[in-house]
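Worksheet: the structure to be examined is printed underneath.
The values are calculated or read from the model by the stated rules, or taken from the named source; none is laboratory data. Everything numeric in this text was worked out from a predicted model, so none of it was measured. Here the Cβ positions follow ideal geometry from the backbone for every residue, glycine too, while neighbour counts run over all protein chains shown.
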Amino acid sequence: MNIAANPQASLADQMKAHTGRFVDKTFDWKAFPSNVGFEELSRAQMRYIGAGGSPKVGDPSTLKADNFTLSLIYKEPGHYAACHSHEIEESFLIISGALIVGWEKHGEVVEVNLGPKDMILNAREIGHGFRVDGVEPVIMSISVDVGKPLPPVYHYHPKEHPAELARTFGAEPGNTMPFDRNGEHEIQKLMADYVVRNTELPTIWEDAGFTRKVYVGDAPGAVKHDSTRKEMWGLPMGAKLAPFTRTVEDAYLCLEGSIEVVWVAEDGTESSVELGPRDLIKTPAGQAHYLRNPGVGPATVWTVIGTSGDDGAVYKKG
């Protein structure tokens, strides 16, 4: 039996079953069958929650997805992902490197260059692809806003279209435009509502002693969405929250520094795990928990919450 579904398991064992350690995982270079035989499309996936866009839904090392999936993608310079679309939104959060994301409609493409901590929420049913033109590989977090997404629909794949056209996401020469938040083209106007620059987001200081930058949710500069919330949390050295609960699951992916996530049982006993960079924990709906930073420096945490609405959480200083 899955220990995470066993109410008799200890709180510590339940936490362990909900934790994904970066050093315990490997990047899967065969996660996407459509890339087989096309070296320029190769990319690797590290699955934390669900399978995302990969058909490998039976991976026993991956946490069960409820309202969203979460994985890391590694892509090397010169490689690209063919233009495709989904029935649901998916977000790209850049962790390292620079990524070009293109949106296509009627053979015209708008391309945006995203750097570390920038994000794009790819709109449903919009053709999109991505490419690494820089000199360093890209690592990004991809989150699909449904537990089991349908297979992607490819628009311009090198199996069916010329490689030059596939690499430009379907744009003939002269039909590619740079992203302009104030542009007049219909794709530019649409993309403007889905691109988030970390440096342009306001920093929200909570009375609980930590910061939030809201990427997807109801906040200035954020993408408005009807499925999940996505936020970047900053915990200064010594920060500690009081226990809180949500009506939905949440996930914490540590990006920088280290944090301690603590679960609280009904009888008040506690169990904790410390997360380092690229470690993750998924907390089930209704589980009381809190975060603290016991380290000697600040910590940055990518936070995904399984609803766009009020989840019942109240943040107070611990």
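Key figures
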{"item": "Candidates 49, 126, 100, filtered to the one that is touching a strand residue (DSSP E or B) at 6+ places or on another chain (Cβ under 9 Å), within 30 Å of residue 246 (Cα to Cα) and in the same structural domain as residue 157 (by TED's automatic domain parsing)", "result": "49"}
{"item": "Top-ranked residue in segment 134-160 [being surrounded by fewer than 17 Cβ atoms within 10 Å (Cβ to Cβ) and of a type in the set (D, E, K, R); ranked as farthest from residue 85 (Cα to Cα)]", "result": "136"}
{"item": "Residues of segment 176-209 satisfying the condition of being among the aromatic types (Phe, Trp, Tyr) and surrounded by fewer than 13 Cβ atoms within 10 Å (Cβ to Cβ)", "result": "205"}
{"item": "Residue match in segment 247-260 (condition: farther than 20 Å from residue 48 by Cβ and not polar (S, T, N, Q))", "result": "no"}
{"item": "Set 51, 65: member being at pLDDT below 95, of a type in the set (Gly, Ala, Ser) and buried (at least 19 other Cβ atoms within 10 Å of the Cβ)", "result": "51"}
{"item": "Selection count, segment 161-175, where residues are over 16 Å from residue 127 (Cα atoms) and either acidic (Asp, Glu) or crowded, with 17+ Cβ neighbours inside 10 Å (or both)", "result": "1"}
{"item": "Selection status of residue 250, under 19 Å from the mean Cα position of the chain (by Cα), touching a residue at least 24 places away in the same chain (Cβ under 8 Å), surrounded by fewer than 18 Cβ atoms within 10 Å (Cβ to Cβ) and not assigned by TED's automatic domain parsing to the domain that holds residue 85", "result": "no"}
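Results for (1) touching a Phe, Trp or Tyr at 6+ places or on another chain (Cβ under 9 Å); (2) among the hydrophobic types (A, V, I, L, M, F, W, C); (3) under 30 Å from residue 224 (Cβ atoms), shown as yes or no for each residue.
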{"residue": "37", "(1), (2), (3)": "no, no, no"}
{"residue": "67", "(1), (2), (3)": "no, no, yes"}
{"residue": "81", "(1), (2), (3)": "yes, yes, yes"}
{"residue": "84", "(1), (2), (3)": "yes, no, yes"}
{"residue": "90", "(1), (2), (3)": "no, no, yes"}
